[in-house]
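Working notes, structure below.
Every number in this text was worked out from the coordinates using simple rules, so none of it is lab data. In this text the structure is predicted, and so the values were computed from the model without any measurement. Cβ sites come from the backbone with ideal geometry, for glycine too, and all protein chains shown count toward neighbours.
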Amino acid sequence: MSSYVKKVYSSMGNKQNIRNVSVVSHVDHGKTTLSDHLLQAGGLISKTMAGSARALDYLEEEQKRGITIKTANISFIFEQENEPYLVNLVDTPGHVDFSGMVSQALRLVDGVIIVVDSVEQIMAQTESVIRQSMKEYLRPILFINKVDRLINELKLPKEEIETRINNIIEMVNELIDRYSISSDNKEWKVRFDKGTVIIGSALNGWAISSYSKMIPHFDMIIKYHEEDNIGQLRSNFPIANVFLKSIINNIPSPKEAQLERVQHITQFIDKGSKQAIQECDDAGPLISCLGKLLYEDNRGIISVIRIFSGSVKSGSTIRNRRTGETTRVQQVCIYKGQSLETIGSVGAGNIAVIIGLKNVQIGDTFVVERENPPNVLFKQIFYLQESVISQRIEPKRVLDIPKLQKNLEILSLIKPNFHNSTDENTGEMKIHGIGELQLEIIIGEIEKTGIAVEVSNPEVTLIEQIEEEVRLQKIDYLDLLKIELTCMSSQEDTKDCIYNDYRDNCLKLEAKITTEEIQDLIVIGFRNAILRGPLKGYPVRKLTLIIQDIQELAPDSLRYEIIVPLVKNAVHEALQKGKVGIFEPIYRFSINTPLHYLGPVLTVMQRFGSNIEDTEHIASKSTIKGEISVESSLQIASELRTASDGYAFWQFEFLGFKRKK
């Protein structure tokens, strides 16, 4: 066991001194640069590298693009007043195409550091990560970053800098209030005097908060910059110190967090399991949630779990509550950036990496294997985005088809908001994702395995959706079987669904079903119905089917060739009676452009039918916000580059589906 693992392992038992925290923000607001400073304070990278190492960006694509495109976690020890604290830090992507990875990371932690660029302020993804954090019941800390830009670029006086910072704090608190899921976390609003607001520059390595030894006025900070004395500023106000003090004092320990969090992240739970999670005891029954999946050729599927009760050990057998299957844990590890460190066991309140789990999905609940296992199921992880863009894909060599299919199956399992499909008639393969960048990255990952592929231009996913509730009875074409059902628009609650998918389709059974085989046939009929809708053959979205009754009108009617087409035809008839419509995906956009390119950029957006909601001007830059169809967004990139001579920066965020005109 390495000295690093020994330090981490020895600190895992003291639950009061564990802090699980994630760093979240809009793209390029400074998350990974901040993480470097925290790792330096934990002794994992040198002082000279902090701020520029991007230690948690170890993928080639991340280093090349300068953005984080996956989540990376690392554990380190920080001492405060001679007391060691174990910090489990999770860095996340800021680009909207990888927002699903943010959702996964947030299930693993108890608090978040929200990073906001002081010049760009609250952007689309900033709002998204605050919404996701409140949904997961996570305490926030706000870091207002890049204050040096206000001084050096915008050359704002002290009063305007203070106004800008106060406005950012107010906007963040408005979002916390808006997305709070209980009266408790409405009280989590960030404040400088509570130490939950930090102001500084991650790139230059300085920050101030109420934990600073002295709190300088902004005219002093401006003077340091004017005199080009950043080294002294960094020395007087080191960024890592205030952050780690804020994390330790404001992010709750796992035991404190789980007392309240348990009721917000579980779908159902028995009394004993609830008590076990609240006690956060290594000696309790194992209760854990799978937050992230990875894949390596030599190890296979790698599962990252948060342990809420008990402990997981190498060689132990655990049960998946979703499938009922038991599996043996081959190896228990912890992550140190890109490398895995083997460890004997990991206890409650910690994040563990498990080798050997099979037939798993992100969000699965794992419990101890015993005669009466804990009766608990965690809620499915909440994703803000949907896969709305697809591309046809095929290998250049026919011999690579099986290898490509295997790769796509693995990627569909481990990548949130990504899936693949194959046309049953033509064998044509498609990949589906949030946006062009996500698909571009995935295609690159496929080609790195030695498979050369050809892909089509991106295509938009249109869907069919019911608008009115319909109840009907239908008899099969041989008058052997009668079914009574209701079709309606889906709600958020999927508790009683025997089948549900990523498009929010849900199947519920109220009828008494005699065998599991018949239930499986009903599921097949439902899946066939929603695969291609009755209008144009587009996928069906947000449909809840409730089977109220099934009656045999003649013997030997409960078989495949009767049940499957009857369910499919009944669903399609209900859809048509329920005013099914064609819906198209819509993006919310945010475009940053130099002020003198504003006119040409607005002209492009209006020509493509976008709905412009707001235009803001800060110094020499403008920000345009509004809505645009995903279809139009695919055609607009080259025109925006031309209109702005390449200076415009834009980002799209999935807003939802609207009925196509």
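Some points to look at:
- Residues whose amide H lies under 5 Å from that of Lys621, counting only those 5 or more places away or on a different chain, are Leu595; hydrogens are built 1.01 Å from N in the peptide plane.
- Binning all Cα-Cα separations of segment 80-234 at 10 Å, short to long from zero, yields these whole-percent fractions: 10, 37, 34, 18, 2.
- Farthest toward positive dipole pole in segment 467-579 [+1 Lys/Arg, -1 Asp/Glu at C-beta], among Leu485, Pro539, Ala554: Pro539
- The simple Förster model, with R0 at 45 Å and r as the Cβ-Cβ distance, assigns Glu279 and His617 a FRET efficiency of 0.25.
- With neighbours defined as other Cβ atoms within 10 Å of a residue's Cβ, the residues Arg541, Arg392, Arg321 order from fewest to most as Arg392, Arg321, Arg541.
- Placed amide H near Gly626: partners under 5 Å, 5+ positions off or other chain: Phe589, Glu613
- Principal semi-axes of the equivalent ellipsoid, √(5λ) from the alpha carbon gyration tensor of segment 389-461, are 17, 14, 12 Å from largest down.
- Vicinal HN-Hα couplings computed from phi for segment 647-661 (Karplus, 6.51 cos²θ - 1.76 cosθ + 1.60; Hz; Gly/Pro x): 8, 6, 10, 9, 9, 10, 10, 4, 9, x, 10, 10, 4, 6, 6
- From phi via Karplus (6.51, -1.76, 1.60), per-residue ³J(HN,Hα) for segment 362-370 in Hz, x at Gly/Pro: 4, x, 4, 9, 10, 10, 5, 8, 7
- Per residue, the convex hull volume that the Cα atoms of segment 467-579 enclose (Å³): 93
- Sorted peptide list for 9-21, 634-646, criterion being average Cβ within 10 angstrom, highest first: 9-21, 634-646
- Unpaired cysteine residues in the chain (no second Cys Cβ under 4.7 Å): Cys280, Cys289, Cys333, Cys487.
- Taking the fewest neighbouring Cβ atoms within 10 Å as the starting point, the ordered list for Leu244, Leu655 is Leu655, Leu244.
- Normalised Debye scattering of segment 130-174 at q = 0.23, 0.28 Å⁻¹ gives log10 I(q)/I(0) of -0.82, -1.02, counting only Cα atoms as equal scatterers and leaving out solvent.
- DSSP beta bridges in segment 467-579 [antiparallel fraction, %, rounded to 5]: 80
- Using the average count of surrounding beta-carbon atoms within 10 Å as a protection proxy, the listed peptides 418-426, 277-285 rank, highest first, as 277-285, 418-426.
- Exposure proxy ranking for Ser75, Ser180, based on other Cβ atoms within 10 angstrom of each Cβ and starting from the fewest, stands as Ser180, Ser75.
- Extension gain from Glu260 to Lys155, taking 0.36 nm per residue of separation minus the Cα-Cα distance: 33.3 nm
- Span from the segment 459-493 Cα centroid across to the segment 175-236 one, whole angstrom: 54
- When you restrict to C-alpha pairs under 8 Å that are six or more residues apart and normalise by the size of the chain, the relative contact order lands at 10 percent.
- Ordering of 195-204, 309-318, 209-218 by packing [mean C-beta count within 10 Å, highest first]: 195-204, 309-318, 209-218
- Kirkwood hydrodynamic radius (C-alpha pairs) into Stokes-Einstein, segment 584-659, 37 °C and 0.692 mPa s, D in µm²/s: 268
- Pairwise centroid distance, computed over Cα atoms, of segment 610-661 with segment 526-554, Å: 37
- Expected-Rg normalisation [2.2 N^0.38 Å, Cα atoms] applied to the chain: 1.01
- The distance separating the Cα centre of segment 283-359 from that of segment 120-166 comes to 36 Å.
- What the Cα convex hull of segment 187-334 gives, in volume per residue, is 175 Å³.
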